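Undergrad: Have a look at the structure that comes next, please.
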Amino acid sequence: MQAINSKFNYLYRDASNYKQFGYVVFSGEFTEQDKILMLGNLHEGDFFIPGNVGLPSLQEKFESVSIDDHPWHEINFIGETERSPFELTSENPTDIRSVHEFAKEFGKTKWDEVKACPRMGFI
């Protein structure tokens, strides 16, 4: 019997509305408390900086950095790719943390745009 794990889906959308999609798989299943903790810590109710919680920044998938780039990512998909940011999966974990460890870290992280921009080559 395969273990049930959780996929955390997120996206990057630049100022011109070009998008990159990504996900990470954690062991275990997100609880409602995990989801509330994470959703309650989003910047302006929608955004987070993946590098602040050990996730890859998706704008790196673009061929080059543009003036439309910024460090903010979203966890809510909109439009043709709409789906929950929290999915159950039988895929193997791609991160060593459990969903609960990740949710706890995500929930207490202070999103620091100033530190993220130079690290990403924006400043």
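The values are calculated or read from the model by the stated rules, or taken from the named source; none is laboratory data. Worth saying up front: this structure is predicted, and the values here are computed from it rather than measured. Reconstructed Cβ throughout: ideal geometry from the backbone, glycine too, with neighbour counts over all protein chains shown. Keep in mind that these areas ignore ligands, DNA and RNA; they rest on the heavy atoms of the full protein, side chains included. Shrake-Rupley method; radii C 1.70, N 1.55, O 1.52, S 1.80 Å.
Undergrad: Taking V65 as meeting all but one of (1) in contact with a strand residue (DSSP E or B) (Cβ under 9 Å, 6 or more places away or on another chain); (2) surrounded by fewer than 17 Cβ atoms within 10 Å (Cβ to Cβ); (3) at pLDDT below 90, write down the number of the exception.
TA: Checking V65 against (1) in contact with a strand residue (DSSP E or B) (Cβ under 9 Å, 6 or more places away or on another chain); (2) surrounded by fewer than 17 Cβ atoms within 10 Å (Cβ to Cβ); (3) at pLDDT below 90, the one that fails is (1).
Undergrad: What pairs come out if I take residues in region 38-56 that are over 9 Å from F106 (Cα atoms) and of a type in the set (D, E) and pair them with residues that are at pLDDT below 90 and open to solvent by 30 Å² or more (accessible area, probe 1.4 Å) whose C-beta lies under 7 Å away, six or more apart or interchain?
TA: Matching pairs, first to second residue: D46/N76.
Undergrad: Something else about it: Kindly provide the set of residues from region 5-52 that are of a type in the set (V, I, T) and buried (at least 20 other Cβ atoms within 10 Å of the Cβ), ordered by number.
TA: I49
Undergrad: Using the structure shown, decide if Y18 is over 15 Å from A103 (Cβ atoms), at pLDDT 90 or above and touching a Ser or Thr at 6+ places or on another chain (Cβ under 9 Å).
TA: no
Undergrad: Taking the criterion of being over 15 Å from F21 (Cα atoms), modelled with pLDDT of 70 or more, part of a helix (DSSP H, G or I) and open to solvent by less than 30 Å² (accessible area, probe 1.4 Å), would at least one residue in region 89-99 satisfy it?
TA: yes
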